[in-house]
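Below: the structure, in structure tokens.
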Amino acid sequence: MKILTVIGARPQIIKAAALSRAIKTHYPDQIKEVIVHTGQHYDTNMSNIFFHELGIPMPDYNLGVGSASHGQQTAKMIEGIEKILIAEQPNYIVLYGDTNSTLAGAIAASKIHLPIVHIEAGLRSFNKSMPEEINRIVCDHCSTLLFTPTTAGYANLLNEGFKAHTKTPFTSDNPGVFHCGDVMYDNSLYFTQKAMEIKAGFLTSKKLKPNHYILSTIHRDHNTDQPERLRNIFTALLHIAQESKQPIYLPMHPRTSKLLEQNLGERLYKLIIQEPLIRLEQPASFLEMILLEKNASLIITDSGGVQKEAYFFQKACIILRSETEWTEIVDAGTALIADADTLQIINAWKHFNEQPPTNFPPLFGDGQAARFIAAQMLSNQVE
């Protein structure tokens, strides 16, 4: 069986590592994987380093699309992916998550009737102003095999008209829907030990003491591009740093770095720069992020992936959005939604400071999601 995996953004490269590893370990003679990198993330720190660090094959194709408007970027990807699909004729195209690369792969494949596998299916924020929400809905409704990481994601698909326990043969009109667990949980188990070995001196080099710093990531354009929201977030971070006496370590996304001074304004930017407890740092590699997450006292983020990884490492998480697709972690009491509201962010920190969560039920599977996905593709192979 031949599958064609499409990746384009940093999280997709990481997720794809789990499936590539499962194929190499369990099905090396049965599944051939062709990897297409759209080039959606083109910064070296945001993509190439991850192939090397995670030990996954370099892409067979790189479209080199780079940054552009949503329409331009997606159109270039559709054109490039379609040509490769026609040349390679895979049994399945495998798509991850909710980026423009995901959307482009779904459109290109569905138009020429090639079956789609969607990993991380069924996630919903119920906020269609987010481009990611549209991307994930469109991909789900074009797919032949849908693999959802959580019971909530499975329920979302049933609520949208997908049927449970459908019979083979599966098609886009009769899709197979599976609750399989999360490939990122597979990765967190696999790579934690590797991170501790390869990056053993990382925390020391950054002068960070385990459980005595707060990790924060801010990258969504909804936060970075709106001055009021960005000011509210950094005002809260400044207050928390000064009250907690703990460093707040911020691996800076290129978008955030570019807009920080302009959107914070001169006065707040100066306060942030001059505060020794606010640590504005270079982007972290995947293994570095594992160590940062595993050893933080608290995580404050607008990233869906980092929210979930906070849960994997049993850390409280403050969510800098008005909603989350990972509703289970909020329901479990390990995360609070604070949006970009200064007071809500500070109150969430106070809550977790006084009542740190202690119960983290096993919401994300058994660490074997990628192997399950590979097995299902093989047993439901479409010629």
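FYI, it's all coordinate maths here, none of it is from the lab. Given the structure is predicted, the values throughout are model-derived calculations rather than measurements. Every residue, glycine as well, gets a Cβ built from its backbone with ideal geometry; the counts of neighbours run over all protein chains shown.
Does segment 1-135 come out rounded, prolate or oblate by the C-alpha gyration tensor, with a ≥ b ≥ c the root eigenvalues, rounded set by a/c under 1.5 and, if not, prolate when a/b is larger than b/c and oblate if not?
It comes out rounded by the Cα gyration axes.
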Bin width 5 Å, origin at 0, all Cα-Cα pairs of segment 109-182: what percent of pairs per bin? 3, 18, 28, 26, 16, 6, 1, 0
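So what is Rg over Rh here for segment 195-354, counting just Cα atoms and using Kirkwood for Rh?
Using Cα coordinates only, the ratio equals 0.93.
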For Asn347 and Ile86, calculate 0.36 nm times their separation in residues minus their Cα-Cα distance, and state this gained length in nm to one decimal. 88.6 nm
How many percent of DSSP beta bridges within segment 195-354 run antiparallel, rounded to 5? 0
At a 10 angstrom cut-off on C-beta neighbours, averaged per residue, how do the peptides 316-326, 170-180 rank from highest to lowest? 316-326, 170-180
Place a label point 7 angstrom from the Cα of Asp173 along the Cα-to-Cβ direction, then list the residues of segment 136-166 whose backbone nitrogen is under 17 Å away. 141-145, 162-163, 166
Given a Förster distance of 22 angstrom, what is the FRET efficiency for Glu266 paired with Asp221, based on the Cβ-Cβ distance and rounded to 0.05? 0.45
Near the amide H of Ala316, under 5 Å away, which other amide H atoms are found, from residues 5 or more places off or on another chain, if H is placed in the peptide plane? Ile299
Which lysines have a Cα lying under 29 Å from the Cα of Lys350, excluding residues fewer than 8 positions away in the same chain? Lys206, Lys207, Lys209, Lys245, Lys270, Lys294, Lys308, Lys315
Could you work out the relative contact order of the chain? I mean the mean sequence separation of Cα pairs under 8 Å and 6+ apart, divided by the number of residues, in percent. 16
What is the P(r) of segment 299-383, as percent of Cα-Cα pairs per 10 Å bin from 0? 17, 41, 21, 13, 6, 1
What number, in percent, do you get for the relative contact order of segment 195-354 if the mean sequence gap of Cα pairs under 8 Å and at least 6 apart is divided by its residue count? 26
5 Å is the cut-off here: which amide hydrogens, built 1.01 Å from N in the peptide plane, fall below it relative to Ile248, excluding neighbours closer than 5 in sequence? Ile214, Ile278, Arg279
Computed lengthening from Leu378 to Glu354, 0.36 nm per intervening residue step minus Cα-Cα distance: 3.7 nm
Just order 336-348, 113-125 by mean Cβ neighbour count inside 10 Å, highest at the front, would you? 113-125, 336-348
At q = 0.18, 0.31, 0.34 Å⁻¹, what log₁₀ I(q)/I(0) does segment 86-127 have when each alpha carbon counts as one equal point scatterer in the Debye sum? -0.52, -1.16, -1.26
Along segment 146-159, Karplus-curve 3J(HN,Hα) (6.51, -1.76, 1.60; θ = phi - 60°) to the nearest Hz, with x for Gly and Pro, reads 10, 10, 9, x, 9, 5, 5, x, 5, 5, 4, 5, 5, 5
Using helices alone, I'd like the mean residue ellipticity at 222 nm for the chain: each DSSP H run of four-plus residues gives -39500 (n - 2.57), total over residue count, nearest 500. -14500 deg cm²/dmol
Given a Förster distance of 45 Å, the FRET efficiency implied by the Cβ-Cβ spacing of Lys207 and Asn127, rounded to the nearest 0.05, works out to 0.75
Excluding Thr224 itself, calculate the net charge of residues whose Cβ lies under 13 Å from the Cβ of Thr224, where each Lys or Arg counts +1 and each Asp or Glu counts -1. +1
Given a Förster radius of 30 Å and the C-beta distance between Glu281 and Glu323 as r, what FRET efficiency does 1/(1 + (r/R0)^6) yield to the nearest 0.05? 0.60
Show me the ranking of peptides 277-285, 181-189, 3-11 by mean Cβ neighbours inside 10 Å, starting with the highest. 3-11, 181-189, 277-285
If you average 1/r over every pair of different alpha-carbon atoms in segment 162-258 and take one over that average, what Kirkwood value in Å do you get? 17.8
Any chance you could check the Cα centroid distance between segment 261-307 and segment 118-168 for me, in angstrom? 31
P(r) tail fraction, segment 271-313 - alpha-carbon pairs more than 17 Å apart, %: 38
Kindly write out, for segment 255-265 in residue order, the coupling ³J(HN,Hα) from the Karplus curve 6.51 cos²θ - 1.76 cosθ + 1.60 (θ = phi - 60°), rounded to whole Hz, with x marking Gly and Pro. 5, 5, 4, 5, 9, 4, 4, 4, 8, 7, x
Apply the Karplus parameterisation 6.51 cos²θ - 1.76 cosθ + 1.60, with θ equal to phi minus 60°, to every residue of segment 352-365 and state each ³J(HN,Hα) to the nearest whole Hz, in sequence, with x for glycine and proline. 6, 5, 8, 9, x, x, 10, 10, 10, x, x, 8, 10, x
